[in-house]
Amino acid sequence: MNFIEKIKCLLTFGQGVALPLPDISSETDPITLFEQWFDDAKKSGILLPESMSVSTCDQNGQPRSRMVLLKEYNADGFVFYTNYGSSKSQELEANNKISILFHWNVLQRQIRIEGEVSKTSAEQSKRYFHSRDRGSQIGAWASKQSTKLTSSDELKEREAYYKKKFAGLAEIPYPEFWGGWNVKPTYIEFWQGRASRLHDRICFEKHDNEWTHFKRHP
Ligand SMILES: Cc1cc2nc3c(=O)[nH]c(=O)nc-3n(C[C@H](O)[C@H](O)[C@H](O)COP(=O)(O)O)c2cc1C
């Protein structure tokens, strides 16, 4: 953890701040509301506010969750990047339904998003790939994500191999087995913690391209 990260940790340590809910009307757009909450999370100083849990199901219906980083979002969806050969990607190839979850503890907030995924275009993935630092680009080539390591040195050896292979190149080639998934939301739920477990849950559902909203018991 670097110095700035330590300071951020100290500033928010153990604190919980329940912010007021905005007024919700039929005009409220959940993506705009997401933007407001995401901005609040970024301002709160918590580490990696863009980290989110991604849940997929395997062919036996076994759910599986892991953290990833949100890299882009707009009305068309929420994008994260990964290895297309990974377990999560294979599960999404077979079943494009997904659930993602943000939890910002200091704000007593969570946002659940459900929807369907599609791959981002090769251009979009390529653009993002080349915006990453060189080490992460080499790491993407070196990792056969989710597969079993054959030895404890395998990953280091693969990293060294690709470092050497690309040493003379100004630009690391884009690996086609790596890219983005775009989550197109059909359901977005905003959860605001309140005293005595009387939490607020505001839910948006998309039908015929229109969002409607309702509240749920907490
Ligand atoms: C905070 C955090 C952020 C992460 N971000 C990513 C990410 O953006 N993409 C990714 O492929 N893995 C990311 N990982 C690693 C994943 O959680 C996971 O271990 C990896 O993607 C393999 O998952 P799978 O075998 O289920 O496909 C992150 C882990 C943590 C803890």
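A few remarks follow.
- Here the Debye sum runs over all C-alpha atoms of region 32-115 as equal scatterers in vacuum, and log10 of I(q)/I(0) at q = 0.20, 0.23 Å⁻¹ comes out as -0.94, -1.15.
- Residue list for region 102-137, given a label point 7 angstrom along the Cα-to-Cβ vector of Thr28 and an amide N cut-off under 19 Å: 102-104, 107-114
- Share of carbon and sulfur in the accessible heavy-atom surface of the chain [1.4 Å probe, %]: 51
- Solvent-accessible surface of the chain, averaged per residue with a 1.4 angstrom probe and all protein chains in place: 60 square angstrom.
- Relative contact order for the chain, counting Cα pairs under 8 Å that sit 6 or more residues apart, in percent: 21
- With kT/(6 pi eta Rh) evaluated at 25 °C and eta = 0.890 mPa s, and Rh the Kirkwood radius from Cα pairs, region 125-178 diffuses with a coefficient of 209 µm²/s according to Stokes-Einstein.
- When +1 charges are put on Lys and Arg Cβ atoms and -1 charges on Asp and Glu Cβ atoms, the dipole computed for the chain relative to its Cα centre reaches about 840 debye.
- Helix 154-165 axis versus longest C-alpha principal axis of the chain: approximately 70°, rounded to the nearest ten.
- Here the gap between Arg134 and Ala170, fully extended at 0.36 nm per residue and compared with their Cα-Cα distance, gives a gain of 12.0 nm.
- With kT/(6 pi eta Rh) evaluated at 10 °C and eta = 1.306 mPa s, and Rh the Kirkwood radius from Cα pairs, the chain diffuses with a coefficient of 82 µm²/s according to Stokes-Einstein.
- Between 0 and 90°, nearest 10: helix 30-43 axis offset from the chain longest Cα axis: 70
- Dipole of the chain computed with +1 at Lys/Arg Cβ and -1 at Asp/Glu Cβ about the Cα centre; of Ile24, Thr82, Gln137, farthest Cα towards the positive end is Gln137.
The values are calculated or read from the model by the stated rules, or taken from the named source; none is laboratory data. Quick caveat: nothing in here was measured; it's all calculated off a predicted structure. Methodologically, a virtual Cβ is constructed for each residue, glycine included, from the backbone with ideal geometry; neighbour enumeration extends over all protein chains shown. Note: accessible area is taken over every heavy atom of the protein model, side chains too, but ligands, DNA and RNA are not part of it. Shrake-Rupley method; radii C 1.70, N 1.55, O 1.52, S 1.80 Å.
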